[in-house]
Amino acid sequence: MDIVFGVERIPGPGETLLAGSAARYPGGKGLNQTVAAARAGAPTGFIGAVGYDESGEQLLATMTDDEIDTALVRRSTADTGQAFIIVDARAENAIIVSSGANADVVALTDLERARLRTTAVLLMQLEVPLETVREAAAVAHAAGVTVMLNAAPARELPAELFTDLDVLIVNEHEACLLGGSDDLDTASEVLAARVPHLIVTLGSAGSVLFENGTELARVRAPSVVAVDTTGAGDTFCGAFAAAVAEGIGFASAAEFATIAAALSVQAVGAVPSIPFRNAIEEAGA
């Protein structure tokens with residue numbers, strides 16, 4: 001559950017600011033990306049966890065509204081995960097995440113493994129335990145599933161996880177952390193050599209695509225007036241996964257996802273701002 005504060009600027013250490021607005025929205029990287037995939041036209045299921053609290057009920061209702069299969073969503077005695085988001089006047093944000101119930105998503109069940117083996121695309125994030133991400137990637141990769149990881153929140157990743165990935169999606173900060181360099185180009189080259197496909201998202205500048213270790217293309221983002229960038233990267237990931245599941249090629253899928261992300265920044269809130277397939281197609285026409 002996202003708790004979003006609108007401020008003139010993001011405060012510094014020890015500073016207190018009054019927010020001009022405060023609101024709660026369904027969110028979380030996993031949910032955002034699942035909703036984005038579903039609204040982009042892909043039959044979508046979700047593996048994660050929510051608590052037995054009001055937020056958990058609201059998030060389950062959100063998935064139901066978007067016709068997402070929630071059969072594998074676990075219920076936990078822990079509180080539902082929360083994100084505290086500050087959005088400034090330039091639509092930039094700062095985010096703190098508490099995993100809550102998602103920390104309980106450990107040791108995949110037989111039913112979850114079976115589902116992973118029969119899906120077209122597995123899209124993961126790092127808001128569940130890393131061991132679970134590693135296990136899911138290994139199970140899906142062994143079954144020939146296209147395995148994608150959005151490495152956020154950024155953290156060091158084990159070498160064996162890279163070997164099970166088909167697509168790694170990172171922003172500039174994540175690329176530098178994982179690539180071991182403050183120079184984005186250097187870090188991107190390091191990561192591109194470790195996975196078949198790499199996407200480095202650049203916010204309003206679009207993204208850079210790498211295939212088999214070399215730069216394939218640069219995708220420019222449409223020029224729009226941003227209101228709130230929260231969830232834009234998640235929208236990109238979900239729409240991209242949906243396009244790939246549909247059989248659309250790497251570069252074309254990234255272009256489709258870029259349009260979806262550009263639409264999302266023009267509204268407030270993560271899930272509320274995620275566009276539907278018809279809007280994406282109209283914007284790209």
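Readers should treat all values here as calculations from the given coordinates under stated rules, not as data from a laboratory. Model, not experiment: these values are computed from the prediction.
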Counting only residues 5 or more apart in sequence or on a different chain, those whose built amide H sits under 5 Å from that of LEU216 are LEU209, PHE210, GLU211
Scalar couplings 3J(HN,Hα) for segment 19-34 by Karplus 6.51 cos²θ - 1.76 cosθ + 1.60 (θ = phi - 60°), nearest whole Hz, x for Gly and Pro, are 7, x, 7, 8, 8, 10, 9, x, x, x, 4, x, 5, 3, 6, 5
Diffing segment 220-231: the Karplus 3J(HN,Hα) column from phi (6.51, -1.76, 1.60, θ = phi - 60°), in whole Hz with x for Gly and Pro, holds 7, 8, x, 7, 9, 8, 7, 9, 7, 8, 4, x
